[in-house]
Every structure is written in C-alpha cells, then in structure tokens.
1. Residues of the stretch 341-354 being within 22 Å of Y289 (Cα to Cα) and open to solvent by 20 Å² or more (accessible area, probe 1.4 Å), which ones?
2. If we only count helices (runs of 4 or more DSSP H) wholly inside the stretch 1-88, which ones have 1 or more residues that are at pLDDT 80 or above and over 19 Å from the mean Cα position of the chain (by Cα)?
3. Where in the stretch 130-236 are there helices (runs of 4 or more DSSP H), lying wholly inside it, with at least 2 residues that are touching a Lys or Arg at 6+ places or on another chain (Cβ under 7 Å)?
4. Residues that are farther than 26 Å from D431 by Cβ and either among the aromatic types (F, W, Y) or touching a His at 6+ places or on another chain (Cβ under 7 Å) (or both), at least 3 per element: which helices (runs of 4 or more DSSP H) completely within the stretch 310-410 meet that?
5. Only residues that are open to solvent by less than 50 Å² (accessible area, probe 1.4 Å) and over 26 Å from C440 (Cα atoms): list them for the stretch 387-423, please.
6. Name the pairs: first residue in the stretch 139-165 and free of Cβ contacts under 8 Å to residues at least 40 places away in the same chain, second residue not in a helix (DSSP H, G or I), Cβ to Cβ under 7 Å, at least 6 apart or on different chains?
7. Would you check which residues across the stretch 89-112 are within 26 Å of the chain's Cα centre (by Cα), open to solvent by less than 70 Å² (accessible area, probe 1.4 Å) and not β-branched (V, I, T) and list them?
Amino acid sequence: MFRFFKDFIIYGIASVIAKIIGVFLMPVYTSILSQEDYGAMAMIIACKGIIDLVSNLNIHSGIARDYYETYIDRQKLVSTGLFSILFFSFCVLFIMFASRKYWINEVLAISNYSDAFTIMLFTIPAGSLLSYFSILTRFKQKPLLFSIGSLLQLLIQIIISIYGVVILRLGIVSVFIGVLSGELFGILYFALINRQYIKLTFSVEYLKRVLIFALPTLPAILAGWVDSSLGQIFIGKYVSMEKLGIYSVALQLASVFTLVYVALQNVWSPYLYENYKKANFNSEVTSLYMLLFFFIISISITLSLLSKEIILLLSNENYLEATKYLSLLCIPMGIYLLLPIVSSGVSLSRDTKYIGFSYVVGSIINVLLLIMILPFWGIMIVPIALGISRIVNYLILYRVVQSKGLLELPNKYILYFIILSVLCFGLVYIDLNFICRISCVFVINGGIAIYLNKQMHVFVLIKSKLRRDKCEG
C-alpha cells in the first residue's frame, strides 16, 4: 500500500504542477479572449469528448485488464490494442472531416470558429494514441518517466497556445494547435518508452476478448460525457454564450479535482489488477477509500469557501457569478473521484455491464432535470443535476458490488460530504466575510485530520514507515 501512495504522490505532484501552469494561463486568456470565445471553446471540447469515445472504443481498458495476467502474451496484446485504436480513430477522423460543415453550422452553430473545430478533429487519433501509450507507461510502473513526459507535453502545448493567442492573436484556434502539437510530442516520447511491446503482430482472439470487456463500458463513458458536457451545450444554446463562458470558468476551477483523479487513475488500475488476489486486499481498499474520501472533503471545503478569492485572483470581477456554481460543482466532482474504487468489484468480475447501467441511469436523470428545470431555474440547475446524477451512479454501483459480496466500503461518509458541501455553499451564497470563511476552512480541515488519526492512526503509520525506510537505508 505504501508503494501505492509513493506513486500517487509522484503523479499528484506532476498533476499539481500541470494544473498550476494551466490555472495561471487563465488571466492571460480571459484578458484577450471574450466570453463568447470561451463558450465556443467549451462547445468544441465537449464535442471532442463524444468523438473520442467512438474513436477508441475504450480498448485501452480491456488491454489494462489483462496486462498482468500470466497466460497472456503481453507483446501481442499491446500490439493488438495499438493497431485497433489506429484503425478506429482514423476511420472516425475521415468521417468527421468529410461532414465537418454540418457539425459546425447545424449542430454546434459556431460558424465563426470552423478552423478551431477542424484542427480539433486531428487531435482524435493523436489523443487516442497518446492516451494508450500513457496507460502502458503507468502499467510499467514508471511514474517519474510518465510525469516528465506529461509535463514536457504540457509545456509544448502551452508555449504554442500562448504564442498564438497573445502574439499572433489567432484566437482559440491557437489553443487547439497547441493541444495537437503537445500530443504529437507525447506520442513519440511514450512510444519510445514502450517500444519493446510494439511489433507487427495482431491477434483477433485478443481483440475479441478486449472488446467483450470494453464495449459494455461505452454507455458509461457516453453517459459521463453527457453529464459533464450536455449542461454546457444547453447553456450555450438556450441561455447565452456569455453565461456559458462564466460557467466554464467555474468548471475549469472545479477541475482541481482532476488533479486527484488523474493521480488516482494512474495508480489505481495497476494496483487493482496486480494485487486483487492478495488476502488483505479488501482491508487495504477500505483504508485507501477512507483516506481518499476525507481528502476529497478537505479539497471541497477549501475550494468552496475560498471560491470568491480564487476567481478574483485568476480572472476578474466579470466572472464573480461563477462562485456559486463552483461551490455546487464540488459535490459531483468529489463523488466522481470515488467511482473507480466503487466499481472495482465489477471490473474484476468482468461484469462491466453494470458500470454502463449505473452511468446511463444517472445520466438520464441529469438530462431530464436539465430539460424540465433549466428554463425556470437557469444555470443553477446544471451543477445540481450533475450532482444528483453522480450520486445515483455511485449508489447503483455500490449496491451491485455489495450484493455480490465483492467489496465492503464505509458508505456513510457520502452523507457527511454532501451535508458539509451544502453548508459551505450556503456560507458562500450569503457572502460571509473572508475571516469567517477562512476560519471555517482551518476548523474543518483540522477536525478531519484529528478524526483520521483517531480512526486509522495515520500519523503513526507514516512515522513507522519512515523509520523503517531509514533503518533499511
């Protein structure tokens, strides 16, 4: 378990550095790009999400599931996944490129941003390949190499994006040129690390095995895209692009949760598939779950109560309305981080249809709430509907895993998290002064630390581990 935390910390540090760089770009972009530009960029990114789903069929998840199985030819497995992703992603690219005018003018109604959309299409195969090679690097358990490559990729992306936006004044098209450039570098870097597994070999049998595992998860990914992107599309089409720009700022700041999510994803699947046969696996997962849960509560409380100051620091007064959306977004973002753990049981048993079912049910609820209430409540319903969707998703997965006797998780903490998050939203909504809010942050986080130490003796475990490592050194 300590190796898990060691790798988690390395990935987490890399994610934090990447996020800090990205966040400090926001004042640069908001001072040059208009709210309409931000809204259009959000629409194109949302569209990219659904295209990526079709282009790679989540094949990498099936490759990951069998990566540690001793009876599998790893070289043939990895090569089969690579050539399959190449084939499907280039097919999607050609179809979308041929029909791009329809999507630009009729579906998204962003005719002024056709160049940005077109460049985004070329990120489809590039992004799929980069994602695949990145996952392989994680399974090689080389967190430092992975982190270096990810940061170099980000730097290339940012340098090119800033040059285009600030110097050349090309607008959001520069952002997507930067993304594509960074992805091409990342492909070369991570492919070099995994070159020993890339050969001219292909197995139809392995592809069938991978697709049987991966295809039932596609509805889950589609529903996840609907949950995260449909609200933005509705705001852009039925409210205004300016309001979408404000909500997108809140969503971008709430993406601080992705720091934890990215780090968790980088270590969780390798840990899960390598260790699930251990005798103490269930107890380890329960401990990891509790630590992650209270870490999520701490992030949510801090981000919510200090949302006003964060937004003023990173943008300007025109985006202050985003504070109330940011507070509410903490609930769905926090619960989303727990889904990889709660779905572990069905992944191990290969009953991936339950993952798709849980996401689809939650997504249907989200869509219905948006359709029925958005015209009356406005943008406020978007994060609320997303939160309800994620809670339903979590509870269904938890119930399935529990009924099968696969994992026992302390589910009661979900209620504590929701109550604390709603309370913090209320404090932000009534515009409580800064001294009171910062005091609440310290009190709640201090209480969390004391509780964890009492329940799990966290500090004692860390101290004993450090002492043992020192003696071994």
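The values are calculated or read from the model by the stated rules, or taken from the named source; none is laboratory data. Because the structure is a prediction, the values reported are computed rather than measured. Note: ideal-geometry Cβ built from the backbone for every residue, glycine included; neighbour counts use all protein chains shown. All accessible areas refer to the heavy atoms of the entire protein, side chains included, with ligands and DNA or RNA removed. Shrake-Rupley method; radii C 1.70, N 1.55, O 1.52, S 1.80 Å.
1. Selection gives L348, S349, R350, D351, Y354.
2. On the way: elements: 2-23, 26-32, 35-56, 59-66.
Of the helices (runs of 4 or more DSSP H) lying wholly inside the stretch 1-88, those with at least 1 residues that are at pLDDT 80 or above and over 19 Å from the mean Cα position of the chain (by Cα) span 35-56, 59-66.
3. Output list reads 204-214.
4. 353-377
5. S389, R390, V392, N393, Y394, I396, L397, Y398, V400, V401, L407, L409
6. Between residues of the stretch 139-165 that are free of Cβ contacts under 8 Å to residues at least 40 places away in the same chain and residues that are not in a helix (DSSP H, G or I), the close pairs are G164/L170.
7. S89, C91, L93, M96, L108
The rows are residues; the columns are (1) modelled with pLDDT of 70 or more; (2) open to solvent by less than 70 Å² (accessible area, probe 1.4 Å).
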{"site": "K199", "(1), (2)": "yes, no"}
{"site": "F202", "(1), (2)": "yes, no"}
{"site": "E205", "(1), (2)": "yes, no"}
{"site": "F213", "(1), (2)": "yes, yes"}
{"site": "T217", "(1), (2)": "yes, yes"}
{"site": "A220", "(1), (2)": "yes, yes"}
{"site": "A223", "(1), (2)": "yes, yes"}
{"site": "Q232", "(1), (2)": "no, yes"}
{"site": "K237", "(1), (2)": "no, no"}
